[in-house]
Amino acid sequence: MSKLSRRNFLKGSGLLAAGGVLPMSLIELAFADPRQNFNFAYISDSHIQHIKGKEFVRNWDRGLMRAVAETNLLDPKPDFVLYGGDIAQLGTKPEIDHGLELLSALRYPVRYALGEHDYYLDLGEYWESQLGPQYYSFDHKGVHFVVLNSILTYDEWTNKWPTPEQRMAVMAGLDNPNGSPFMVGEAQRAWMADDLAKVAKTTPVVVLSHSPLQKIFRNWNFWTEDAEQVQALLAPFDKVTVLYGHVHQIQYNQIGNISFNSAMATAWPWPYPRSYAQAPSHMPKLTVPMNRADPFFERDATGWQFIDLHSGNIDLHYALYDNPNRVVAFNAQSGRPEDTAFQDPATRVPAQMHY
Ligand SMILES: [Fe+2]
Ligand SMILES: [Fe+2]
């Protein structure tokens, strides 16, 4: 990253941080040739929820409106915005339409990924009619982006429900035992192999996926059933980053050559699986959880991140509402991301416990 662009960004972010929460990410890619540097922003998990008529849940509306307004104020300006999925809560036309209406205020091009809340009512039909193919790739200034639909599941499960509404309701419940694990699926993996075959191994690859492309906690679908197969497709590349939504909390991990980082939701935080007494720990060992993530506080554990993918390695700067800011930076010596303050167990603040 050039000194100039960092200074400009920090100047802008200081102003925004003073304003409070910015539930989105600004990501800078930096290369040896500074003319190639660019930024993109990342917004995820707005869960726009229809009540009736023209009424929508105000809190979720406000989270997205704020992200959009503050994204428009960014300096430097992002080249584009990635949207990480779950625009809607129950996948209905009014929810998708209202979410897209709020997002239409963005002054940048937007690239969308599907979340399960957008998908399981009509299997992505309306979403696709408004936004195009459910998975695709594109190139931007020397970086190859792959956008996946990673929330597919077994056909037997998808087809077994008497009504689409019942299917949607079950998949929308995070811990519903009648849900089914997410996956990318064979057809899409074949497409991905084909797509990546045309990309030089030295080209940085950024994958946008709604579910984590790793296996964290199946009961909450912090999970991708064919994660290993997808990771194998990415293994030959020098620099690979997976950005994912869905988990509404800080997570990071390193598997082989792949760095994984989650983004916050604009809607609400999920607690960590380990904060529930009945669930054994199911987090990437590397992740130091947020020291406070209480879903009963309206804006707690939402926040914003500046992500510097300098030379393909990730540094995340989390600005968190009512929480100490955190920096998760790639440690070149250990070859993995680490929290610069809390990685050492002696410095951690215990996670909040729920029943
Ligand atoms: Fe979500
Ligand atoms: Fe989700």
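The values are calculated or read from the model by the stated rules, or taken from the named source; none is laboratory data. Here the structure is a predicted model, which means the values were calculated and not measured. Here the Cβ is made from the backbone with ideal geometry for all residues, glycine too, and neighbour counts use every protein chain on show.
Brief remarks follow.
- Within segment 197-221, residues that are touching a residue at least 60 places away in the same chain (Cβ under 8 Å) and surrounded by 19 or more Cβ atoms within 10 Å (Cβ to Cβ) reach partners that are among the aromatic types (Phe, Trp, Tyr) and in a loop (DSSP other than H, G, I, E, B) with beta carbons closer than 6 Å, at six or more positions or on different chains, in the pairs 205/237; 211/182; 221/182.
- Taken residue by residue, segment 182-204 has at least one member that is touching a Ser or Thr at 6+ places or on another chain (Cβ under 9 Å) and within 16 Å of ligand 1 (Cβ to nearest atom).
- Within segment 316-355, tally of residues that are modelled with pLDDT under 70 and either in a loop (DSSP other than H, G, I, E, B) or under 19 Å from the mean Cα position of the chain (by Cα) (or both): 12
- Sub-8 Å Cβ pairs linking a first residue in segment 115-131 that is away from ligand 2 (no atom under 16 Å from the Cβ) to a second residue that is not in a helix (DSSP H, G or I), at least 6 apart or interchain, are 122/91; 126/91; 128/134; 131/112, ordered by first then second residue.
- Some residue of segment 254-266 being more than 16 Å from ligand 2 (Cβ to nearest atom) and in contact with a Lys or Arg (Cβ under 7 Å, 6 or more places away or on another chain): yes
- Segment 92-118 - residue that is closer than 13 Å to residue 168 by Cα and within 12 Å of ligand 1 (Cβ to nearest atom) and, of those, surrounded by the fewest Cβ atoms within 10 Å (Cβ to Cβ): 116
- Looking only at residues in segment 61-82 that are under 20 Å from residue 248 (Cα atoms) and either modelled with pLDDT of 95 or more or of a type in the set (D, E, K, R) (or both), the one that is farthest from ligand 1 (Cβ to nearest atom) is 70.
- Taken over segment 253-271, the criterion of being touching a Phe, Trp or Tyr at 6+ places or on another chain (Cβ under 9 Å) and under 29 Å from residue 102 (Cα atoms) is satisfied by 260, 261, 262, 263, 264, 266, 267, 268, 269, 270.
- Just one of (1) more than 12 Å from the chain's Cα centre (by Cα); (2) within 16 Å of ligand 2 (Cβ to nearest atom) fails for residue 211. It is (1).
- Hits in segment 145-157 (condition: outside any loop (DSSP other than H, G, I, E, B) and within 16 Å of ligand 2 (Cβ to nearest atom)): 147, 152
- Residue selected from segment 40-69 under the condition more than 16 Å from ligand 2 (Cβ to nearest atom) and either crowded, with 24+ Cβ neighbours inside 10 Å or aromatic (Phe, Trp, Tyr) (or both), by the criterion nearest to the chain's Cα centre (by Cα): 41
- Looking only at segment 225-237, and only at residues there that are part of a loop (DSSP other than H, G, I, E, B) and out of contact with any strand residue (DSSP E or B) (no Cβ under 6 Å at 6 or more places or on another chain), the one that is farthest from ligand 1 (Cβ to nearest atom): 236
- Among residues of segment 39-60, those that are among the polar types (S, T, N, Q), within 16 Å of ligand 1 (Cβ to nearest atom) and over 17 Å from residue 247 (Cβ atoms), counted: 2
- Selection within segment 243-273 - at pLDDT 85 or above and within 10 Å of ligand 1 (Cβ to nearest atom): 245, 246, 247, 248, 265, 266, 267
- Long-range neighbours under 7 Å by Cβ, at least six apart or interchain, first residue closer than 17 Å to residue 164 by Cβ within segment 85-109, second part of a loop (DSSP other than H, G, I, E, B) and more than 16 Å from ligand 2 (Cβ to nearest atom): 91/122
- Looking only at segment 243-253, and only at residues there that are in a loop (DSSP other than H, G, I, E, B) and more than 13 Å from ligand 2 (Cβ to nearest atom), the one that is nearest to residue 148 (Cα to Cα): 251
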